[in-house]
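Engineer: Here it is, the structure, as structure tokens.
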Amino acid sequence: MYRCQLCAGELTVFLDLGRQPLSDRFIAPGDPEFTFDMRVGTCTACTMVQLTEDPGCDRMFHHDYPYRSAQSVAMREHFERTAHRLASRYLNNPGASVVEIGCNDGTTLQAFDALGIKHLGVEPGGRVAKEAAARGLRVLPEFFDEAVGARIRAAEGPADLIFGANTISHIADLPSVLRGVDRLLASDGVFIFEDPYLLDVVERTSFDQIIDEHFYLFSACSVSEIARRHGFELIDLERLPVHGGQIRCTLARAGTRDRAASVGATITEEQARGLATPATLTAFAHRVARTRDDLVALLTRLRDEGKHVVGYGATAKSATLTNYCGIGPDLLSRIHDSTPTKHGLLAPGSHIPVRPAEEFTSPYPDYALLLAWNHAEEIMQKERAFHDAGGRWILHVPEVHLV
Ligand code: SAH
Ligand code: TMP
Ligand code: ZN
């Protein structure tokens, strides 16, 4: 039996994605690989959806962590808009400060800095933290937890805003993060985080959002419950179109701020759609298996017809997709990606070679599986010559189809 990391309630397992590697650990030939059993369950007490096994943060967020926020123009714009919005709403007082958990290459922090706001980033990826510091940003190269929150408070004073994008759902020891936020946050401050939204994952069958790093899949229901258990209140919610569907949650200390109508409305919508019910999650698991079967059948047929098929976007998500489906270099000869830290290496588990995006053109393949489907607009626009030359994109969300 598996227990919830947050409330020790019993987990009901609804999805088994098999043996999986670390999704952001691109390897050289012969390198040893860590793997773990990826099963997903929902807590019968607090409704939080989570992995049953924690692969360990030191393994995932290592010195050479390869992901860089700035690789997507759309995400750069999103984070710039976010910084402006949050600053004008929550950081109006002179001397107001922001702490970002998981600042990565400093894309968001730089926008706060440009507005003259006192900032600090917390980022354990040694190499990426150095890159952010080289941009003139203040970065603490550590894992945020209760002790670090207390230490920052002692050194810098309280934070008016604590922000985390695509990071808070990654941390299995979320209770320690919430205690750290409690130590660090000003009495009237807000803690804002944005992460993949369970409703979008279920409704789009985007099961590749489930990766080692996405330990939790948040819903309004589960976040509201966990906030309450730690003395906070979920006071605002916003759905975001980025990364295939996300939710931005705003927490404040209980009773300090008004609750926006969006919170109740979203919880009501989740209940109306039966988001936390076993029937919904079991139906989701069946659709996941169908996507796998359809995708493998398509790629196998194309290979047998002698077509050249590659992947595009060596995303963390693609580790779940390729390893769950058993897709290797025989079905996808290589994956093109714009991130220099991934080039020349093999994709985790599948061992498909990762090549620069520039090599996509020489010569164009017949088909490209868009592994970075969350950046479809940006990538299809950038690579429109591929489509113009007769190439076809393969997408697997919300179901397998060609574009
Ligand atoms: N915020 C960026 C990066 C997301 S990737 C964006 O949205 O694009 C997740 C980042 O969180 C990684 O850079 C990882 O090193 C960092 N991280 C993971 N655990 C953390 C922790 N406990 N404290 C701070 N950062 C953490
Ligand atoms: P993400 O889905 O986790 O943001 O990862 C996207 C990956 O796709 C990342 O490795 C960068 C890559 N990418 C490209 O190769 N070209 C692009 O135009 C974009 C936006 C991303
Ligand atoms: Zn629970």
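The values are calculated or read from the model by the stated rules, or taken from the named source; none is laboratory data. If you're wondering where the values come from, they're calculated on a predicted model, not measured in any experiment. Positions of Cβ are generated from backbone atoms using ideal geometry, with glycine treated the same way; all protein chains shown enter the neighbour counts.
Engineer: Can you pull out the residues in region 19-52 that are of a type in the set (Gly, Ala, Ser) and within 20 Å of the chain's Cα centre (by Cα)?
Structural biologist: Ser23, Gly41 - these are the residues of region 19-52 that are of a type in the set (Gly, Ala, Ser) and within 20 Å of the chain's Cα centre (by Cα).
Engineer: Do we have any residue at all in region 101-112 that's in a strand (DSSP E or B), surrounded by 16 or more Cβ atoms within 10 Å (Cβ to Cβ) and out of contact with any His (no Cβ under 7 Å at 6 or more places or on another chain)?
Structural biologist: Yes, because at least one residue in region 101-112 is in a strand (DSSP E or B), surrounded by 16 or more Cβ atoms within 10 Å (Cβ to Cβ) and out of contact with any His (no Cβ under 7 Å at 6 or more places or on another chain).
Engineer: Here is a check on your reading of the model: is Tyr312 more than 20 Å from Ala376 (Cβ to Cβ) and among the aromatic types (Phe, Trp, Tyr)?
Structural biologist: Taking the combined requirement at face value, the residue does not satisfy it.
Listed here are the residues, each with its yes/no results for (1) under 27 Å from Arg25 (Cβ atoms); (2) polar (S, T, N, Q); (3) touching a Pro at 6+ places or on another chain (Cβ under 7 Å); (4) at pLDDT 95 or above.
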site	(1), (2), (3), (4)
Arg334	yes, no, yes, yes
His343	yes, no, yes, yes
Ile394	yes, no, no, yes
Pro398	no, no, no, yes
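Engineer: Sticking with this one: Answer yes or no: is there a residue in region 166-176 that is part of a strand (DSSP E or B) and touching a strand residue (DSSP E or B) at 6+ places or on another chain (Cβ under 9 Å).
Structural biologist: Checking region 166-176: not a single residue is part of a strand (DSSP E or B) and touching a strand residue (DSSP E or B) at 6+ places or on another chain (Cβ under 9 Å).
Engineer: For Leu161, indicate whether it is aliphatic (A, V, I, L, M) and assigned to a loop (DSSP other than H, G, I, E, B).
Structural biologist: In short, no.
Engineer: For residues that are farther than 20 Å from Gly95 by Cβ, small (Gly, Ala, Ser) and buried (at least 20 other Cβ atoms within 10 Å of the Cβ), tally how many sit in region 129-171.
Structural biologist: Adding up the residues that qualify gives 5.
Engineer: With the condition being within 12 Å of ligand 2 (Cβ to nearest atom) and surrounded by 15 or more Cβ atoms within 10 Å (Cβ to Cβ), I'd like the strands (runs of 3 or more DSSP E) fully within region 298-396 carrying at least 1 qualifying residues.
Structural biologist: In region 298-396, 309-312, 335-337, 354-356, 367-370 are the strands (runs of 3 or more DSSP E) which contain 1 or more residues that are within 12 Å of ligand 2 (Cβ to nearest atom) and surrounded by 15 or more Cβ atoms within 10 Å (Cβ to Cβ).
Engineer: Moving on. Could you please find all residues in region 44-68 being within 11 Å of ligand 1 (Cβ to nearest atom), buried (at least 21 other Cβ atoms within 10 Å of the Cβ) and not in a loop (DSSP other than H, G, I, E, B)?
Structural biologist: Correct list: Met60 only.
Engineer: Answer with yes or no whether Asp212 is assigned to a strand (DSSP E or B) and either buried (at least 24 other Cβ atoms within 10 Å of the Cβ) or away from ligand 2 (no atom under 16 Å from the Cβ) (or both).
Structural biologist: no
Engineer: Let me ask something else about it. Among Gly121, Gly125, which is the only one that is within 12 Å of ligand 1 (Cβ to nearest atom) and either at pLDDT below 95 or touching a Leu at 6+ places or on another chain (Cβ under 8 Å) (or both)?
Structural biologist: Gly121
Engineer: Which pairs do you get when a residue that is more than 20 Å from Gly56 (Cβ to Cβ), found in region 153-178, comes within reach of a residue that is outside any helix (DSSP H, G or I) and within 16 Å of ligand 2 (Cβ to nearest atom), reach meaning Cβ atoms under 8 angstrom, with the pair 6+ apart or on two chains?
Structural biologist: Ala165/Gly102; Ala165/Glu194; Ala165/Asp195
Engineer: Now, a different point. Only residues in region 1-13 that are touching a residue at least 24 places away in the same chain (Cβ under 8 Å) and on the phi < 0 side of the Ramachandran plot count as the first member; pair them with residues that are in a loop (DSSP other than H, G, I, E, B) and within 16 Å of ligand 1 (Cβ to nearest atom), Cβ under 9 angstrom, at least 6 apart or cross-chain, and list the lot.
Structural biologist: Matching pairs, first to second residue: Gln5/Asp54; Gln5/Ala172; Gln5/Asp173; Gln5/Phe215.
Engineer: Of the conditions (1) touching a helix residue (DSSP H, G or I) at 6+ places or on another chain (Cβ under 6 Å); (2) more than 16 Å from ligand 2 (Cβ to nearest atom); (3) not in a strand (DSSP E or B), Val98 fails just one. Which one is it?
Structural biologist: So the condition that Val98 fails would be (3).
Engineer: If you take the residues of region 1-35 that are of a type in the set (A, V, I, L, M), part of a loop (DSSP other than H, G, I, E, B) and in contact with a helix residue (DSSP H, G or I) (Cβ under 7 Å, 6 or more places away or on another chain), which of them is nearest to Thr52 (Cα to Cα)?
Structural biologist: Leu6
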